[in-house]
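Structure, as structure tokens:
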Amino acid sequence: MKVTIVPAVIAKTQEELDEILFKIKDSAQLLQLDVMDGKFVSNHSLDFDFKLQKGEYKFEAHLMIEAPEKWADKNWEKVDTIIAHFEAVKSPEEIIKSIKNRGKKIGFALNPETGVDKIRDYLDDIDQALIMTVNPGFYGSKFLPETLDKISKLRKLRPELDIEVDGSIKPDTIAQVYKAGANMFVSGSYLICSENIKERIDILKNKIRIG
């Protein structure tokens, strides 16, 4: 199963977004756009009509918002994968069908307090699942080791599923989530706040002996 390091992008303006994308340039192939509405989580990010350059990266949108269906209807063309928080989804079946009919990938994200049993019935229909290993909304939140059991349980339920983890993924945590069963690793502040993103991606890869 492919292992991927995914830089997470938080931006409040188009200028800030462009600066971050320039900084990441040539360091990664897949980027996560953290979309926050100030309601589902208290922070704001990419809650404007942002523009992306086509072909430079693959993008996944992590929707930490109250109405993921509305965002997907309006912005689906911008990204390759849409990850909606299961806690905010009104009809799982409908959003899966809507996004897949548009030729995009769909994933469900789970907050730390949400059990994996909530998405058990949809594991054959989604492309990936995202386990939050922190309380969402900000760079630099504290890693929650109790989420490791959720990753392991999900891997047993669906051995071939892409399992992504998001939250405080750094050299001292990535091996833990990898051992638990994750194969996609979202890293925010550890990468974005560094001077050399590519070097730090290599450090993370080396911690799980893939680079």
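Quick check on my filter: what residues within region 159-211 are in contact with an Asp or Glu (Cβ under 8 Å, 6 or more places away or on another chain) and of a type in the set (Lys, Arg)? 198 - this is the single residue of region 159-211 that is in contact with an Asp or Glu (Cβ under 8 Å, 6 or more places away or on another chain) and of a type in the set (Lys, Arg). Within the option set 192, 131, being surrounded by 23 or more Cβ atoms within 10 Å (Cβ to Cβ) and either within 16 Å of the chain's Cα centre (by Cα) or not β-branched (Val, Ile, Thr) (or both) holds for one residue only, 131.
Name the residues in region 101-119 that are assigned to a loop (DSSP other than H, G, I, E, B) and surrounded by fewer than 18 Cβ atoms within 10 Å (Cβ to Cβ), would you? Of everything in region 101-119, those that are assigned to a loop (DSSP other than H, G, I, E, B) and surrounded by fewer than 18 Cβ atoms within 10 Å (Cβ to Cβ) turn out to be 102, 103, 112, 113, 114, 115. Inspect all residues belonging to region 176-189 and state whether any of them is hydrophobic (A, V, I, L, M, F, W, C), farther than 19 Å from residue 24 by Cβ and either surrounded by fewer than 21 Cβ atoms within 10 Å (Cβ to Cβ) or modelled with pLDDT under 95 (or both). Within region 176-189, not a single residue is hydrophobic (A, V, I, L, M, F, W, C), farther than 19 Å from residue 24 by Cβ and either surrounded by fewer than 21 Cβ atoms within 10 Å (Cβ to Cβ) or modelled with pLDDT under 95 (or both). Residues satisfying the criterion are present in region 151-167 (criterion: touching a residue at least 24 places away in the same chain (Cβ under 8 Å), buried (at least 19 other Cβ atoms within 10 Å of the Cβ), on the phi > 0 side of the Ramachandran plot and within 15 Å of the chain's Cα centre (by Cα)). Looking for whichever is at pLDDT below 95 and under 18 Å from residue 190 (Cα atoms) here; the options are 23, 54, 2. Which one fits? It is 23. Scanning region 112-151 for residues that are among the acidic types (Asp, Glu) and out of contact with any helix residue (DSSP H, G or I) (no Cβ under 7 Å at 6 or more places or on another chain) gives 113, 117, 121, 124, 127, 146, 149. Here residue 98 passes the criteria (1) more than 25 Å from residue 11 (Cβ to Cβ); (2) part of a loop (DSSP other than H, G, I, E, B) except the one numbered (2). Take the conditions (1) farther than 14 Å from residue 127 by Cα; (2) more than 17 Å from the chain's Cα centre (by Cα); residue 92 misses just one of them, which is (1).
The values are calculated or read from the model by the stated rules, or taken from the named source; none is laboratory data. Keep in mind the model is a prediction, meaning the values are calculated, not measured. Note that each Cβ is placed from the backbone with ideal geometry, even for glycine, and that neighbours are counted across all protein chains shown.
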